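Structure, as structure tokens:
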Amino acid sequence: MSSLIVVEQLQTYLIEQGIGQHPDTAPSLTVPSIWTMPRKGAKMPRKPDKGGRLLENMTVTLHDQNLAGPPGVAAWLEDTFVDVTTRSINPAEGKLLHRTIAGLLAPIGKVGGRKHWTMHELLVQESRIWRREQALPPVEGGTTYDRVASYQFRCARSTLAA
């Protein structure tokens with residue numbers, strides 16, 4: 001097994017759960033594409049075709065903002081903080097998508113988040129909401145409603161480097 005990257009494992013996990021699809025797949029009006037760390041920031045829904053019809057209503061972008069070991073146990077554990085950004089044509093779609101993702105990563109009623117679970121190939125010690133979902137300022141000339149939430153993933157360094 002090669003080294004595991006949290007955002008790549010999260011992307012695959014969300015696709016497996018039916019939340020979205022890989023960006024290499026043809027655009028869909030019903031299933032958002034899920035991107036990992038694009039250089040120019042969160043991806044916009046793919047542009048309209050020549051007839052002016054939308055090809056995609058929403059995108060999800062995953063970006064790991066910080067990697068750090070928790071104090072005292074950094075030699076064994078690593079925390080990855082991931083921003084999950086949605087861009088949607090309709091404001092309600094982005095909110096509902098964030099609610100669905102939060103339900104998978106930090107389910108309602110699980111104090112301290114989800115513990116000891118497998119995210120695709122990665123054993124996650126715990127995942128929790130780091131920053132609650134919130135609106136982002138509109139992009140100049142943009143036509144989307146943008147929202148972000150952040151999650152903390154704690155994993156054993158040995159499973160990441162396997």
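Remarks
- Region 81-101 residues that are more than 23 Å from Ile5 (Cβ to Cβ), paired with ones that are surrounded by fewer than 17 Cβ atoms within 10 Å (Cβ to Cβ) and aliphatic (A, V, I, L, M) (beta carbon under 7 Å, 6 or more apart): Ile89/Leu54
- Number of residues in region 135-162 that are without any contact (Cβ under 8 Å) to a residue 40 or more places away in the chain and of a type outside the set (A, V, I, L, M, F, W, C): the value is 4.
- Matching residues, region 39-53, being free of Cβ contacts under 8 Å to residues at least 60 places away in the same chain and either closer than 24 Å to Glu133 by Cβ or in contact with an Asp or Glu (Cβ under 6 Å, 6 or more places away or on another chain) (or both): Lys40, Gly41, Lys43, Arg46
- Within region 10-22, restricting attention to residues that are under 17 Å from Asp64 (Cβ atoms) and touching a strand residue (DSSP E or B) at 6+ places or on another chain (Cβ under 6 Å), the residue that is surrounded by the fewest Cβ atoms within 10 Å (Cβ to Cβ) is Tyr13.
- Qualifying residue in region 112-131 (condition: more than 16 Å from Ile19 (Cα to Cα), aliphatic (A, V, I, L, M) and not in a strand (DSSP E or B)): no
- Every residue from region 37-63 that is surrounded by 18 or more Cβ atoms within 10 Å (Cβ to Cβ) and under 21 Å from Val7 (Cβ atoms): Ala42, Lys43, Pro45, Glu56, Met58, Thr59, Val60, Thr61, Leu62, His63
- Matching option when the condition is more than 20 Å from Met44 (Cβ to Cβ) and surrounded by fewer than 19 Cβ atoms within 10 Å (Cβ to Cβ), among Ala106, Ala92, Ala75: Ala75
- Pair list, Cβ < 7 Å and 6+ apart or interchain, from region 108-134 residues that are touching a residue at least 24 places away in the same chain (Cβ under 8 Å) to residues that are of a type in the set (Asp, Glu) and not in a loop (DSSP other than H, G, I, E, B): Gly113/Glu126; His120/Glu16
The numbers here are math on the coordinates, done by the rules we state, and not lab data. Worth saying up front: this structure is predicted, and the values here are computed from it rather than measured. Cβ sites come from the backbone with ideal geometry, for glycine too, and all protein chains shown count toward neighbours.
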